[in-house]
Amino acid sequence: MPRAPRPPRFYFNLRSPYNFLALKRLRERHPGLLDRLEFRPFWEPDARSEKALAEAGATFPYTPMNRAKQFYILHDVRRLAAAEGIALTWPVDAGPWWEPVHLAWFLARDAGLGRAWIERASEARWLEGRDICDPAVVRELAAEVGLDAEAVAGAPEDPELRERGVKALLDVVRDGVFGVPYFVNGSQPFWGLDRVEEFAASFGPAAAPAPPAPASVPAAEPRSFDLSHAGGCG
């Protein structure tokens, strides 16, 4: 019996500005396509997750950036945000810990709120400048979208969620994902914000783009930044 085709996948990372912009572009230009995608998390593991990943025989595909590339991305994202009419509020990442917000996504998905969680956490980070690595902020966001705040607060210490997280990171490795946004349709991978339209076109005429809204809002000056991470290299 032939294998059932794998669903099209969107590997997301709640740290990346490119991921935030790609989701906005899909939502505005290809809203029907979003309902067809299987969302998959991608994040830099903490020591506990990294150890479990190593025990499973895998290494997270992390590639630190040099300073020149960091500054390029800063200017690039400012240009892109201005073109989209978005005033970004650049967050400050002091000792980032990405497990709380990404493990909470599994609880959101179980509740049918997976995409709502991605959108709310992304908005909190990039439009409000909130620290989504802070468990207290994650708990507040959970309450806003209708999740059990207590369960979300305990997500990093939940063995089952930790196990699901490691399996998700193994999927990252198996699919050859090295940055976000990263899309897969059939055997075709698409990496980066500039591949959103090509990814949509791979579904045929039904995914034809809606006209983009005119840009009118300038991007805000950044307060601080830290883009030396795999999630921001899309």
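No value in this document is a laboratory result; all are computed from the given coordinates. Everything numeric in this text was worked out from a predicted model, so none of it was measured. Here Cβ is always computed from backbone atoms with ideal geometry, including for glycine, and neighbour counts include all displayed protein chains.
Counting pairwise Cα distances across region 104-208, what percent come out greater than 17 angstrom?
Working: 3482 of 5460 pairs.
The proportion of pairs with Cα distances above 17 Å equals 64 percent.
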Original post:
Residue by residue, what Karplus-based ³J(HN,Hα) values in Hz, rounded to whole numbers, does region 197-202 have, using 6.51, -1.76 and 1.60 with θ = phi - 60° and x for Gly and Pro?
Top reply: 5, 5, 4, 4, 5, 5
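How high is the FRET efficiency from residue 171 to residue 68, r the C-beta distance, R0 30 Å, rounded to 0.05? Don't skip to the end; give the middle numbers.
Working: r = 32 Å, r/R0 = 1.05.
Once the sixth-power term is evaluated, E becomes 0.40.
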Original post:
So what are the three principal axis dimensions of the chain from its Cα atoms, in whole Å, longest to shortest?
Top reply: 53, 46, 38
Original post:
Considering amide H positions built from the backbone, and no H for Pro or chain starts, which residues 5 or more places from residue 40, or on another chain, come under 5 Å of its amide H?
Top reply: 10, 11, 12
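What's the extension gain from residue 111 to residue 188 if we count 0.36 nm per residue and subtract their Cα-Cα distance?
Value of the extension gain: 24.7 nm.
Counting DSSP beta bridges in the chain, what percent are antiparallel, to the nearest 5? The partial results should precede the final answer.
Numbers: 7 of 11 bridges.
Around 65 percent of the beta bridges assigned by DSSP in the chain are antiparallel ones.
Place the peptides 129-139, 73-83 in order of packing, highest mean first, counting for every residue the other Cβ atoms within 10 Å and averaging per peptide.
Numbers: 129-139: 18.9, 73-83: 16.5.
In decreasing order of mean packing, 129-139, 73-83 become 129-139, 73-83.
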Subject >> For region 88-103, 3J(HN,Hα) per residue [Karplus equation, 6.51 cos²θ - 1.76 cosθ + 1.60, θ = phi - 60°, Hz, x = Gly/Pro] >> reply: 6, 10, 5, x, 10, 9, 10, x, x, 9, 8, 4, x, 6, 7, 5
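Suppose the chain between residue 38 and residue 123 were pulled fully straight at 0.36 nm per residue; how much longer would it get relative to their current alpha carbon spacing? If you can, show how the numbers build up before the last one.
On the way: separation 85, 0.36 × 85 = 30.60 nm, distance 2.04 nm.
Residue separation times 0.36 nm, minus the Cα-Cα distance, leaves 28.6 nm.
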Subject >> Under 5 Å, built H, 5+ apart or other chain: amide partners of residue 88 >> reply: 220
Subject >> Backbone HN-Hα couplings from phi across region 77-85 [Karplus 6.51/-1.76/1.60, Hz, Gly and Pro as x] >> reply: 5, 4, 5, 4, 5, 4, 5, 8, x
